[in-house]
Amino acid sequence: MYKNILNLLPYKSSFRFVDHIYSLDTDGVSGDYTLREDAFFYEDHFVGNPVTPGVIITEIMAQIGLVVLGIFLIMHEGDVYDASDEPMFPLLTSTDVAFNKVVLPGQKVIVNSKKVYFRFGKLKCDVEMLDTKGELIARGIFSGIIKNAGFKK
């Protein structure tokens, strides 16, 4: 349903952490990602007992909760994306994340994000990550901007 937004994400397959978007509007976004058991970061983190690094959990939350929503909001403002323009570069400007549970290889995570504000090109969101049982994995406040977005009036 939101494939057009997913196609605009500026990540290649090895670093794209968005599988599905369930809901998306001007107030927030919900989506999921299933961690691949053969992901590059499990090889050494930790040997014999792989655990998803906190930076990857943060990246998943940022891609779904901030970047997907940011692209949607820019497009929703009446701008039109021209794929021949410069690519989008999402810039995470700040995070404050609290971790409650570990995430294991093969685990599906769900991210819900609520917009706090979007003004002057800066987006701030309250983002949470849940497991499939609805238990909280992590929660945080994320802020960012999208530079060289390729959006024209």
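Coordinate-derived values only; no laboratory data. All figures in this text were calculated on a predicted structure; none of them were measured in a lab. Cβ atoms come from the backbone with ideal geometry, glycine included; neighbour counts cover every protein chain shown.
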Quick one: which residues, 5 or more positions from I146 or on another chain, have an amide H under 5 Å from its amide H? H modelled 1.01 Å from N in the peptide plane, none for Pro or chain starts.
L91
Each residue of segment 20-29 in turn: what ³J(HN,Hα) in whole Hz from Karplus with 6.51, -1.76, 1.60 and θ = phi - 60°, glycine and Pro shown as x?
9, 10, 8, 9, 7, 8, 5, 9, x, 8
Residue-wise HN-Hα coupling along segment 60-72, computed from phi with Karplus coefficients 6.51, -1.76, 1.60 (Hz; x: Gly, Pro):
4, 4, 5, 5, 6, x, 10, 5, 4, 5, x, 4, 4
5 Å is the cut-off here: which amide hydrogens, built 1.01 Å from N in the peptide plane, fall below it relative to I137, excluding neighbours closer than 5 in sequence?
M129, L130, D131
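Can you give the local net charge around L35? Use residues other than it whose beta-carbon is closer than 12 angstrom to its beta-carbon, Lys and Arg +1, Asp and Glu -1. It would help to have the intermediate numbers written out before the result.
On the way: positive: R36, K108; negative: D19, D32, E37, D38, E59, D131.
With Lys, Arg at +1 and Asp, Glu at -1, the net is -4.
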Just want to confirm a number: the relative contact order over segment 3-152, from Cα pairs under 8 angstrom separated by 6+ residues, in percent.
28 percent
Filtered trypsin sites (Lys or Arg not before Pro), segment 94-140: DSSP coil and at most 12 other beta carbons within 10 Å
K133
Normalised by the residues of segment 84-146, what does the relative contact order come to in percent, with Cα pairs under 8 Å and at least six apart?
42 percent
Starting from the exponent 0.38 and prefactor 2.2 Å, build the expected Rg for the chain from its residue count and divide its actual Cα Rg by it.
1.03
Please check the chain for the longest run free of chymotrypsin sites (Phe, Trp or Tyr not before Pro) that are loop-located per DSSP (anything but H, G, I, E, B) and have at most 12 other Cβ atoms within 10 Å.
47-119
Given a cut-off of 25 Å, name the pairs among K12/K133; K3/K124; K3/K108 whose C-alpha atoms lie farther apart than that in the structure shown.
K12/K133
